[in-house]
Amino acid sequence: MSIVRPRRSVLYMPGANARALDKARTLPADALILDLEDAVAPDAKDLARRQVMEAVAQGGYGWREIVVRMNGLDTPWGLDDLNAIATSGAAAILVPKVETARQVHEVEALLDKAGAPADLAIWCMMETPKAVLNALEISGATPRLTTIVMGTSDLTKDLHARHTALRLPMLTALGLSLLAARAYNLTILDGVYLDLQDADGFRAACVQGLELGFDGKTLIHPSQVEPCNEVFAPSPAEVDTARRIIIAFREAEAAGKGVVVVDGKLVENLHVVGAERMVALADAIAARGA
């Protein structure tokens, strides 16, 4: 089984803020999205691109996965962003407002033309109703696509919905996107939580995202990283149970037994698959000391 890459906490960092780009090297986020799009004013786009490319080239981010969010190709900055990111050394390029597989194919062709290495991943933002309705075709567009990122703020706006504690207006979009991502074995990340003063509400949103099946959550402030990591990491008790499930199932198989019971619960192969994934995630987190 391949090692699961932790993407519990994925923090947006404004590309025009050099101090933020530097501080990101010390934060315990699993991944960083160095942002050239929403977090950057139009008159600072060129500065942000230059600073982000310099920061990525300088390195020093350790095990943190570095992703750069480009501006859309329909903007004056999008193509320059893409060409710069293609050979920057970033792990992935995040494409905003993806609505069709054709857009993904266009980005992929341009990356190939710009000399992007084969391991530069594409991440896609799902932030419009059309994107959600086309989630399946988008998720299957190319093997370069590894991660779906929910843009719940824009979705809420387009749906004329409300930000509520239970996020009921979002559940349809979240569920459809989750189904599409899992159909193609992609990582999928929950959207941001906007109220920085509401720690309890943020934690509840993280728990809801975990329960729905998300791999992690996108964040807008460093203070959100540690509680997000805590929620999306398997607890010691969960890992212990998972290890016992794996051992019990293997022992039963070796002995030719057809029924396996752990803690009074019937264990089948599907439970073993989930247990193996949980242990792999826990081991990957432990290996980075976070």
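Candidates Thr147, Thr164: the one that is within 18 Å of the chain's Cα centre (by Cα) and within 29 Å of Asp200 (Cα to Cα) is Thr147. Being under 30 Å from Asp46 (Cβ atoms), within 16 Å of the chain's Cα centre (by Cα), of a type in the set (Gly, Ala, Ser) and at pLDDT 95 or above is a property that holds for Ala90. I'd like to verify a number: residues in the stretch 51-73 that are in a loop (DSSP other than H, G, I, E, B), farther than 18 Å from Arg5 by Cβ and touching a helix residue (DSSP H, G or I) at 6+ places or on another chain (Cβ under 8 Å), how many? Residues meeting the conditions: 5. Summed over the stretch 225-264, residues that are of a type in the set (Phe, Trp, Tyr) and closer than 25 Å to Asp215 by Cα total 1. Being over 17 Å from Ile85 (Cβ atoms) and over 22 Å from the mean Cα position of the chain (by Cα) is a property that Arg19 has.
Selection of the stretch 20-50 for residues being assigned to a helix (DSSP H, G or I), more than 24 Å from Gly62 (Cα to Cα) and small (Gly, Ala, Ser) yields only Ala44.
Can you pull out every residue in the stretch 83-110 that is free of Cβ contacts under 8 Å to residues at least 12 places away in the same chain and assigned to a loop (DSSP other than H, G, I, E, B)? Across the stretch 83-110, there are no qualifying residues.
The condition of being buried (at least 23 other Cβ atoms within 10 Å of the Cβ) and of a type in the set (Lys, Arg) holds for only one of Arg19, Arg69, Arg25, Arg64, that being Arg69.
Every listed requirement among (1) part of a strand (DSSP E or B); (2) touching a helix residue (DSSP H, G or I) at 6+ places or on another chain (Cβ under 9 Å) is met by Leu266 save one, (2).
Could you tell me whether Val261 is more than 14 Å from the chain's Cα centre (by Cα) and assigned to a helix (DSSP H, G or I)? When the stated conditions are applied, Val261 does not pass them. Considering Val279, Val260, the condition of being at pLDDT 95 or above and outside the structural domain of Thr26 (by TED's automatic domain parsing) is satisfied by Val279 alone. From the list Asp198, Asp215, the one residue that fits, being of a type in the set (Asp, Glu) and surrounded by 19 or more Cβ atoms within 10 Å (Cβ to Cβ), is Asp215. Per this entry, Arg244 is counted among residues that are basic (Lys, Arg), touching a strand residue (DSSP E or B) at 6+ places or on another chain (Cβ under 7 Å) and under 30 Å from Trp63 (Cβ atoms). All of (1) at pLDDT below 95; (2) in contact with a His (Cβ under 9 Å, 6 or more places away or on another chain) hold for Ile3 with one exception: (2). Restricting the stretch 137-194 to residues that are of a type in the set (S, T, N, Q) and more than 21 Å from Asp38 (Cα to Cα) leaves a set whose member that is surrounded by the most Cβ atoms within 10 Å (Cβ to Cβ) is Ser177.
The values are calculated or read from the model by the stated rules, or taken from the named source; none is laboratory data. This structure is a prediction, so every number in the text was calculated from the model and none was measured. Glycine gets a Cβ as well: all are built from the backbone with ideal geometry, and neighbour counts include every protein chain shown.
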